[in-house]
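Okay, so here's the structure we're looking at.
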Amino acid sequence: MINLLDLDQSAMSAFFAERGDKPFRARQALRWIHRTLADRVESMTDLAKSTRDALMLDAEIRPPLVVRDSIASDGTRKWLLDVGGGNAIEAVYIPEPARGTLCISSQAGCALDCSFCSTGKQGFNRNLSVAEIIGQLWIANRALLASGVGGPRLEQGRHPISNVVMMGMGEPLANYDNVVTAMRIMLDDNAYGLSRRRVTLSTSGLVPALDRLGEDCPVALAVSLHAPNDALRDQLVPINRKYPIRLLLAACVRYIEHAPRDFVTFEYVMLDHVNDAPEQARELASLVRDVPCKFNLIPFNPFPSTEFRTSSRNRIVAFQRILQDADLIATIRKTRGEDIDAACGQLAGQVQDLTKRRLHRIQPVARP
Ligand code: SAH
Ligand code: SF4
């Protein structure tokens, strides 16, 4: 059985061509699935009945299974999705006045083992398929529409989710092919039609894959820097031992030539008395002197078993000021969805583990 959610424009065209169907069927199918958000082949009513009947025999629209849907007091909403084999992933919706952002996962677990990340602490389970990645966007748009969010926008061909950030579980560039195919569907005018500026990929710095991305599918880029020098970054982000800061920054500069934005966003998680001292801010400012960039300072979100603590507000603001005094743009990320463990780095893995640890805390609630 083919899962139609796995197919972008070119794969869909090949699929219909093989069946002896007209090429424009691919476009029609994409529009049904991703614009109208149809959940079954039967509903694609502008396909001839005979075509539909034949299609139903070997194709389906199969998103991951939603096992929990929780809404935080600030409106952040999190879907826990079962992707089989005891693995679960999470997608998080962050409402803001002018946009709706969805934070998407790319892997179940992550092999890169950053020391402050709860996903990394679970180890790597597997790469998500295209259907599992794009399925998060499909599910969120459908669920939000069902709750009455952004209803009229669908009629104008627009969905409640206006922005996607690949900042959930996993390292997107370590699942390169599936992530790029899913992003092509996000950008496709017959599907979600998002502009490249509204899709952001966050990476811990897989340099060769970053260069490929610049050629294949340049979208807005966020890079997890987290340290002002290799000695510290080696400890916090172990992939740094393979691709040290100098190589990473050079790759960022190359990427900007292709990118839809003329800067890179550096993410910097604020770890109390680890990477948040004033002299580290100064070292950081001089490190990125030649890279067009903005900083996003992320207050560390603790999770059980971590040895790190969140920097105090004073230390974060002092750090920010030093960057600003060096003419850098530096913002502090507002933590969202904490009460449903939906904040950065808190996304969890195993369904079983979750049931034990969190069931008593998460209560799905109806949206007002
Ligand atoms: N693997 C990619 C994308 C997923 S992580 C990457 O590392 O960039 C998204 C962001 O959340 C990264 O900047 C990551 O460093 C940060 N993060 C991870 N754990 C965190 C935590 N416990 N608190 C705050 N931010 C965290
Ligand atoms: Fe993986 Fe990103 Fe977490 Fe590092 S911070 S372990 S790369 S998900």
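What follows is calculated from the coordinates using simple rules that are stated; it is not laboratory data. All values derive from a computational prediction rather than experimental measurement. Backbone-built Cβ (ideal geometry, glycine too); neighbour counts: all protein chains shown.
Tabulated values for the structure
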| item | result |
| --- | --- |
| Ranked by how many other beta carbons lie within 10 Å on average, peptides 281-292, 224-235 from highest | 224-235, 281-292 |
| Among 135-144, 7-16, the order from most to least packed when residues are scored by Cβ within 10 Å on average | 135-144, 7-16 |
| Nearest-0.05 FRET efficiency for Thr45 and Glu18, computed from C-beta distance (R0 22 Å) | 0.40 |
| Cβ-based net charge around Ala231, under 12 Å, with every Lys or Arg adding one and every Asp or Glu removing one | -1 |
| Residues in the stretch 16-40 reached by a label modelled at Leu145 [backbone nitrogen below 14 Å; 7 Å Cα→Cβ] | 30-40 |
| Cβ charges +1 (Lys, Arg) and -1 (Asp, Glu), total dipole of the stretch 65-361, debye | 460 debye |
| Cα gyration tensor, the stretch 2-60 - rounded (a/c under 1.5), prolate or oblate | rounded |
| Tilt relative to the chain, helix 278-287 - C-alpha long axis, 0 to 90 degrees, to 10 | 60 degrees |
| Additional length obtainable on full extension of the chain from Glu279 to Asp82, 0.36 nm per residue less Cα span | 66.5 nm |
| Helical contribution to [θ] at 222 nm, DSSP H n ≥ 4, -39,500 (n - 2.57), averaged over the chain, rounded to 500 | -10000 deg cm²/dmol |
| Burial order of peptide ranges 35-44, 267-276 (average beta-carbon count within 10 Å, highest first) | 267-276, 35-44 |
| Point-to-point label distance, Val317-Asp211, nm (Cα→Cβ direction, 7 Å offset) | 4.4 nm |
| Charge sum, other residues only, whose C-beta stays under 13 Å from Asp211's C-beta, Lys/Arg counted +1 and Asp/Glu -1 | -1 |
| Where labels lie 7 Å past Cα in the beta-carbon direction, separation of Asp58 and Ser286 in nm | 6.5 nm |
| Ranking of His159, His258 by count of other Cβ atoms within 10 Å, fewest first | His258, His159 |
